[in-house]
1. To the nearest Å, what is the center-to-center distance of the range 179-210 and the range 216-246, using C-alpha atoms only?
2. What is the gain in length, in nm to one decimal, between residue 18 and residue 170 on full extension, counting 0.36 nm per residue of separation less the C-alpha to C-alpha distance?
3. Hey, if we sort 128, 14 by accessible area with the 1.4 Å probe, largest down, what's the order?
4. Would you mind classifying the chain by shape? Square roots of the alpha carbon gyration tensor eigenvalues, ordered a ≥ b ≥ c; an a/c under 1.5 is rounded, otherwise it is prolate if a/b is larger than b/c and oblate if not.
5. Short version: what are the Cα gyration tensor semi-axes of the range 23-114, square root of 5 times each eigenvalue, largest first, in whole Å?
6. Label-point separation (nm) for residue 8 and residue 224, each offset 7 Å from Cα along Cα-to-Cβ?
7. Could the peptides 229-236, 307-314, 201-208 be put in order, highest first, of the mean number of other beta-carbon atoms found within 10 Å of their residues?
8. In whole Å, how far is the Cα centre of the range 38-84 from that of the range 95-122?
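The values are calculated or read from the model by the stated rules, or taken from the named source; none is laboratory data. These figures come from a predicted structure and were not determined experimentally. Virtual Cβ from ideal backbone geometry, glycine too; neighbours counted across all protein chains shown. For accessibility, only protein heavy atoms count, side chains too; no ligands or nucleic acids. Shrake-Rupley method; radii C 1.70, N 1.55, O 1.52, S 1.80 Å.
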Amino acid sequence: MPDLNKLIDEFEARKSPLELLTISALDKYDVRVYVKRDDLIDPYLSGNKWRKLNLNLVEAIRLAKATILTFGGAYSNHIYAVAAAGRQFGLKTIGIIRGEAPREYGATLRFADECNMELHFLSRSDYRAKIIPKDIDQSTCYILPEGGTNCLGIKGCERIVTEVKEQLPDDTKVDYWCTSSGTGGTASGIISALKNDSEALIFSALKGDFLKSDIQKLLGNCVAKKYSNWQLITDYHFGGYAKFKPELIEFINYFKATTDIPLDPIYTGKMFYGILDLLEKGFFKKGSTIVIVHTGGLQGVAGYNERKGIRIEV
Ligand SMILES: *Cc1c(COP(=O)(O)O)cnc(C)c1O
């Protein structure tokens with residue numbers, strides 16, 4: 001069992017840089033844009049998946065649970081992060097994976113396997129019912145939901161906001177906070193940390209607007225306060241979750257070439273595309289300050305390129 005206090009100190013040290021974006025493409029808009037580079041926290045365990053895991057790992061160790069059990073798809077960034085956490089902090093990990101075992105593992109499952117994550121594959125209906133296989137002794141397990149999205153995960157994401165506030169020049173008033181969203185956990189943490197003092201723009205990586213009620217539910221369960229300082233932006237899913245169009249790939253490669261900031265095609269690429277499109281449309285007030293949270297996901301790009309036969313630079 002890892003030493004709890006040592007671990008907490010180590011976790012506290014994991015901060016990410018805040019960068020002012022200075023590209024000429026922004027000059028005409030009269031806005032100041034900062035990027036919170038959570039993608040740079042660690043090569044394996046970074047982004048919002050780290051934020052959501054942080055306090056959950058502390059809690060697992062406090063409860064003396066030496067095994068982290070969680071759920072996800074075969075390409076899940078969360079599965080990757082949990083496997084990496086197990087390897088870094090000496091915990092056993094179990095991944096319950098949606099769908100039949102593939103004949104050949106993709107990059108994420110290969111990595112999970114290398115980290116000694118124990119993988120179990122469930123049919124889609126068993127997965128939906130979250131049926132944990134009988135041969136797993138659940139009494140030793142700390143069970144984390146899909147995406148790491150639970151109340152401690154949301155609390156961990158609140159730290160994105162507190163960290164940024166410490167990093168910004170004194171007296172900076174942020175007008176907009178932007179994040180990409182899948183389960184709504186990260187968005188909920190950001191919204192609750194803002195305490196209604198500036199607006200959060202939540203870019204959905206999925207088609208439809210069900211995330212709105214998901215986020216309301218998460219906030220209701222975990223924070224028990226009502227917030228009106230946010231809106232869900234649903235126009236930049238590019239056909240649906242993990243789908244793409246050539247213009248998205250072009251944009252990501254252009255953005256990397258001009259800013260040196262790599263983006264992933266599932267979450268951050270779509271959000272940055274959306275933000276630049278909204279700037280062009282005059283959505284943001286003149287003179288405003290925007291903080292964009294880079295939630296990571298870059299470790300998944302190689303596998304995405306492999307599956308789709310495309311080339312995104314990271
Ligand atoms: C998982 C993930 C998200 C979505 O986060 P939620 O908390 O599930 O909404 C956003 N960006 C990246 C890079 C992710 O891996």
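1. So the separation of the two Cα centres works out to 5 Å.
2. Taking residue 18 through residue 170 to full extension adds about 53.3 nm, to one decimal.
3. Most to least solvent-accessible, the answer reads 128, 14.
4. Judged from the Cα gyration tensor, the chain comes out prolate (a/c at least 1.5, a/b above b/c).
5. Largest first, the range 23-114 gives 32, 19, 10 Å.
6. Between residue 8 and residue 224, the simple spin-label model gives 2.3 nm.
7. Details: 229-236: 16.5, 307-314: 13.6, 201-208: 21.1.
So the peptides 229-236, 307-314, 201-208, ranked by packing, come out 201-208, 229-236, 307-314.
8. So the two Cα centres are separated by 16 Å.
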